[in-house]
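Read through the structure below, which is laid out as structure tokens, and then see the notes.
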Amino acid sequence: MRPIDLRSDTVTTPTPAMRKAMAEAEVGDDVYGEDPTVNRLEEEAADLLGKEAALFVPSGTMGNQIALLLHTRRGDEVWLEAESHIYWYEVGGLGALAQVQPRLIFGDKGKFGVKDLEALHEAPDIHRPRPRLLCLENTHNRAGGVVWTREETEEVAAAARRLGLALHLDGARLFNAAVALKVKPSHLAAPFDTVMVSLSKGLAAPVGSLLAGSRELIQEARRWRKLLGGGMRQAGILAAAGLVALREMVDRLEEDHRHARILAEELAAWPGLEVDLSTVQTNIVKVTVTREDLEAPALSARFEAAGVKVSALGPRFIRLVTHKDVSREDVDEALRRMREAYRA
Ligand code: TLP
């Protein structure tokens, strides 16, 4: 039985077009800035995101961490949502690398408003760290793929600017947000100084993310990438797949969103599980296990034994993510296998 893998869209495998592009990629030494395929990818990504420049980085984590290093100095304060990836899943990089202090915003389904920001404001004082940067996440992973609209981000961004903060967007799944809202990615990236987007999630490239921003910031980002060990050589092999991801894989995300909806609507009806359908806006389904006799890790193990892999992200939190390696038939089959396992 082939397992159906709904743990994450990071599990996607490269398409035949990507493998062909990789095999044929023109390459050079990217640390010297001489890899034509990397240069092309960075230019196309910058254009798509409406920024002057972009930098190809090995991972989303490195892209976010470089952004923190760019915008802050040791001891500064970074404002970010309490469930954000940068806070939860980047191995404490905030403290370990940029050496900044997080100030958490307790959002509602991953989002927050101007009032939440204003509530954090303090008059400058010798005792206080300097607030320097606000980070947003679109789509919001732990909230279940929730989308921030341009209007929502713009309001918050304007308030952040009034408070003297720079702005970084963790857009690991920004293309999902753009497709869901039917807007251009540049439209959603516009209010931010820097934006990170991933090629290796729903877009199915094997490796890589991009950090985009002004020419000056990205030039500095290049130095940080080198320091962190992310200066790659004939990286055009990877960038070639990234170009296919940007050119061919964005529009199909809509299919993943439809599949997530199908999964969510059925799971929401099972006694002992809860799904807030208002959060199912893209390719992530967040399920809360409410029955008392079963916790999320045990349920996930039960599903896995039945041939469906999901993520347990907390004692009561299960996450399912749809992606291009899960077809409509796979969705039905996954539901059949989970239904049987759940009833057992
Ligand atoms: N998220 C992964 C895990 O790290 C949790 C996943 O399976 O969803 N920002 C956001 C919003 C992300 O979801 C991720 C990856 C990253 C950044 C980091 O990207 P990578 O994995 O390329 O370092």
For a footprinting-style exposure proxy, rank Ile86, Ile237, Ile284 by other Cβ within 10 Å, fewest first.
Ile237, Ile86, Ile284
Could you put His85, His71 in order, starting from the residue whose Cβ has the fewest other Cβ atoms within 10 Å?
His85, His71
What distance in nm separates the two pseudo spin-label positions at Arg252 and Glu292, each 7 Å out from Cα along the beta-carbon direction?
4.7
Here the net charge surrounding Glu77, from other residues whose Cβ is less than 9 Å away from its Cβ (Lys, Arg +1; Asp, Glu -1), is +3
Amide H contacts under 5 Å for Asp76, restricted to residues at least 5 apart in sequence or on another chain and with H modeled in the peptide plane, are Gln101
Output for region 129-232: trypsin sites (Lys or Arg not before Pro) sitting in coil per DSSP, at most 14 other Cβ within 10 Å, listed by number, reads Lys182
Read phi for every residue in region 276-284 and hand back ³J(HN,Hα) as whole Hz from Karplus 6.51 cos²θ - 1.76 cosθ + 1.60, θ = phi - 60°, with x for Gly and Pro.
7, 5, 5, 8, 7, 10, 9, 10, 10
Residue separation times 0.36 nm, minus the C-alpha to C-alpha distance between Asp108 and Glu52: what's the value?
16.9 nm
Once Lys and Arg are counted +1 and Asp and Glu -1 for all other residues with Cβ under 15 Å from that of Gly229, the total becomes +4
Extension gain (nm, one decimal) between Ala23 and Lys226, 0.36 nm per residue minus Cα-Cα
70.5 nm
What's the extension gain from Ala301 to Arg2 if we count 0.36 nm per residue and subtract their Cα-Cα distance?
106.0 nm
Each label point is 7 Å from the Cα along the Cα-to-Cβ direction; what then is the distance between the points at Ala268 and Arg336, in nm?
2.5
Between Ser209 and residues 5 or more places away or on another chain, the pairs with built amide H atoms under 5 Å apart involve Val57, Ser59, Leu199
Normalising by the residue count of the chain, find the relative contact order in percent from Cα pairs under 8 Å and 6+ residues apart.
25
Once amide H atoms are placed 1.01 Å from N in the peptide plane, what residues at a sequence separation of 5 or more from Asp5, or on another chain, have their amide H within under 5 Å of its amide H?
Lys309
What does DSSP give for the chain in terms of the percent of beta bridges that are antiparallel, rounded to the nearest 5?
50
Please report the net charge: other residues with Cβ closer than 11 Å to the Cβ of Asp35, K and R +1, D and E -1.
-3
When ranked by the protection proxy of mean other Cβ atoms within 10 Å per residue, highest first, what sequence do the peptides 191-197, 312-318 form?
191-197, 312-318
Measuring from label point to label point, each 7 Å out along Cα→Cβ, what is the Gln101 to Glu152 span in nm?
3.0
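We did not get these values from a lab; they are worked out from the coordinates using the rules stated. Note that this is a predicted model, so its numbers are computed, not measured. So basically every Cβ, Gly included, is an ideal-geometry build from the backbone, and we count neighbours across all protein chains shown.
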